[in-house]
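Undergrad: Before anything else, here's the structure in question.
Each value in this text was obtained by applying a stated rule to the coordinates, not by laboratory testing. What you see is a predicted model, and the numbers here were worked out from it, not measured in a lab. Positions of Cβ are generated from backbone atoms using ideal geometry, with glycine treated the same way; all protein chains shown enter the neighbour counts.
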Amino acid sequence: MTASNAPASAGPREFFGGRLNLEQQRKCAKELLELVRDGDPQACGRVNTHHPNANIDDFKLAEAQLVIARENGFLSWPRMKAHIERLRFDQLRIEAGKPDLPDTPETTHIRCGEDIRHSLEVGGFKGRFLEFSDPYCQGPVPRVPQAEFISRRADFIAGAYGRAQEEAEARLKAEYAAVEKLAEGAPAVLWFEHDHYDQLILARLLSSFHRTETRPDLKMICVGQVPGVQDFVGLGQLHPEVLLWLWEYEQRPVTEEQLALGARVWDAVTDASPSALAEIAAAGTPALQLMAPALRRHLAELPAPKTGLGMTQRITLSILDDLGDMPAGQIFQILMARREPLPFLGDLMFWHVLTELAKSTDPVILMDPESAGQPWPKRVFSLRDAGRRVLAGEEDYVSIQRGVRWVGGVEIRPGRSAWRWDEEKGEVLRA
């Protein structure tokens, strides 16, 4: 499946869990039918998009149902109906405490976070859950020996997310060791989605498995869309019965080609130059269809040619420029629900972005001191004149940033010549 191409402004995402209601969909079809017969231009546009051969002047209920089904990601109304009935059947079994046993206790489920652990348990999965969640989308990802790599990652995580350094390093060591200790031939399933938080971790895991011949029996569930979920952001939003559906219909064996591609991507991610990664993204990644779009989003965190801002930084400043002063939690909500084209940030990751912006030598944003004692989501930020100049391309953010910023293996130092990402051309530039 490919990631959605809907514009970030199409908006607000609903983070729907995938539990469609058949009666509600029938009601939607009847409402569409009435609107089309009344000549509503928006409704007619929906028909033209999803059923261009329909006769608007003689529009029927069956055709309205087809449009509703296709809007939900199905080829036909009967297929959507069958999908809804299947999910309802699994839901009832789960609620009765009698779910099917999808896996075996020997299975390891590998996921880059805790978000589906409980849903897998509720859905009847009995295998071991293994979290591997080093967030390579932020902080240094250098090409160094693993012991040094883990140490540097732990230093970043401790400083950026307010964790104890010893605790962060111990957790990382345990996660990396657990992956390396997976038994040869034992069933292991990789659960991932389409954003670059997930895809960079997937590349690292595939690279690790590519280097060894004594690997587990690897399968993968990797999706950018889920039928019935128009605003799919991540696996964590899905109901347990939808995870069961993915297990049955989207699980695939991991191929040697995918392992090799993962290794090539990981090698490029850790390079001090983004050129190789940009070449992979431009050429496409047929073996892992969701990888190339995620790599382009990752590269968009490099400084832009005119402003020096990464995409997340630019979106954050633009929200404040458009809407005025607001609490950090509200900025995060707007970014995730409306403006981020490929949502990937966790809340603490976004807080790190905000605090780094506020530290610039000429602050681009400023926190209201009266809100300083509040929990971070309630702390109010405003855009400063320096932020407006940067957004307008009148000042380069790299020249006023404080400290070092990383995009994978690419180091961005204040006041130094930096690699840039030209989003319009889809290429990296050396400033």
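Undergrad: Gain in length, Lys219 to Ser273, computed as 0.36 nm per residue apart minus the alpha-carbon separation, to one decimal in nm?
TA: Details: separation 54, 0.36 × 54 = 19.44 nm, distance 3.17 nm.
Contour length minus the Cα-Cα distance gives 16.3 nm.
Undergrad: Another one. Any chance you could tell me what percent of the C-alpha pair distances in segment 342-396 go past 19 Å? Intermediate results must be reported in sequence, preceding the final value.
TA: Working: 517 of 1485 pairs.
So the portion of pairs separated by more than 19 Å is 35 percent.
Undergrad: Next question, about the same structure. Taking amide H atoms as placed 1.01 Å from N in the peptide plane, list the residues 5 or more away in sequence, or in a different chain, whose amide H sits under 5 Å from that of Glu427.
TA: Excluding prolines and chain starts, which carry no amide H, the hits are Asp422.
Undergrad: Please compute the alpha carbon radius of gyration of the chain, then divide it by the globular-protein estimate 2.2 N^0.38 Å. Two decimals is fine.
TA: Working it through for the chain, the quotient is 1.06.
Undergrad: Using Cα-only point scatterers and the Debye equation, what is log10 of I(q)/I(0) for segment 247-368 at each q in 0.22 Å⁻¹, rounded to two decimals?
TA: Relative scattering, expressed as log10 I(q)/I(0), comes to -1.25.
Undergrad: What Kirkwood Rh does segment 1-157 have if only Cα atoms enter the pairwise 1/r average? Answer in Å.
TA: Kirkwood hydrodynamic radius for segment 1-157: 20.0 Å.
Undergrad: Quick one: what does P(r) look like for segment 168-286 with 10 Å bins over all Cα pairs, in whole %?
TA: Once binned at 10 Å, the Cα pair distances of segment 168-286 give 12, 38, 36, 13, 0.
Undergrad: Hey, another quick one. Per 5 Å bin, what percent of the C-alpha pairs of segment 83-221 does each bin hold, from zero upward?
TA: Histogramming segment 83-221 at 5 Å steps yields 2, 9, 16, 19, 18, 14, 9, 6, 4, 2, 0 percent.
Undergrad: Between Asp58 and Glu31, what is the FRET efficiency for a Förster distance of 22 Å, r being their Cβ-Cβ separation, to the nearest 0.05? Walk me through the numbers before you get to the answer.
TA: On the way: r = 19 Å, r/R0 = 0.84.
That pair, Asp58 with Glu31, gives E of 0.75.
Undergrad: At 222 nm, what value in deg cm²/dmol follows for the chain if DSSP H runs of at least 4 each add -39500 (n - 2.57) and the sum is divided by all its residues, to the nearest 500?
TA: Theoretical 222 nm ellipticity from helices: -14000 deg cm²/dmol.
Undergrad: If R₀ is 30 angstrom, what is the calculated FRET efficiency for the pair Ala170 and Lys126, using the beta carbon separation as r and rounding to 0.05?
TA: Approximately 0.60, to the nearest 0.05.
Undergrad: Pairs Lys306/Lys425; Lys27/Lys60; Lys173/Lys359; Lys98/Lys126; Lys126/Lys219: which exceed 20 Å Cα-Cα?
TA: Too far apart for the 20 Å limit: Lys173/Lys359.
Undergrad: Out of residues 5 or more away from Gly310 or on other chains, whose amide H comes under 5 Å of its own, with H placed 1.01 Å from N in the peptide plane?
TA: Residues meeting the amide H criterion: Ala304.
Undergrad: Between the alpha-carbon centers of segment 45-88 and segment 106-153, tell me the distance in whole angstrom.
TA: Spelled out, the Cα-based centre of one part sits 39 Å from the other.
Undergrad: Kirkwood hydrodynamic radius, computed over distinct alpha-carbon pairs, for segment 314-409: how many Å, to one decimal?
TA: One over the average 1/r among Cα pairs gives 13.7 Å for segment 314-409.
Undergrad: Let's test the formula: R0 of 30 Å, r as the Cβ-Cβ distance of Tyr249 and Leu348. What FRET efficiency results, to the nearest 0.05?
TA: It comes out at approximately 0.35.
Undergrad: In addition: Compute the length gained on full extension between Asp40 and Glu148: take 0.36 nm times their separation in residues and subtract their Cα-Cα distance, giving the result in nm to one decimal.
TA: 32.7 nm
Undergrad: I'd like to know how segment 218-258 sits against the 2.2 N^0.38 Å rule of thumb: what's its Cα Rg over that expected value?
TA: 1.23
Undergrad: Of Gln251, Ala268, Met291, which is farthest towards the positive pole of segment 168-305's charge dipole, taken about the Cα centre with +1 and -1 on the beta-carbons of Lys, Arg and Asp, Glu respectively?
TA: Ala268
Undergrad: For the residue pair Arg93 and Glu394, what label-to-label distance in nm results when each label sits 7 Å from Cα along the Cα-to-beta-carbon direction?
TA: So the two model labels end up 6.4 nm from each other.
Undergrad: Now a separate question. Compute the Rg to Rh ratio over segment 47-131 from the alpha carbon atoms, using the Kirkwood formula for Rh, and round to two decimal places.
TA: Value, to two decimals: 1.21.
Undergrad: Have a look at segment 364-420 and give its Rg and Dmax from the Cα atoms, expressed in angstrom.
TA: 14.2, 38
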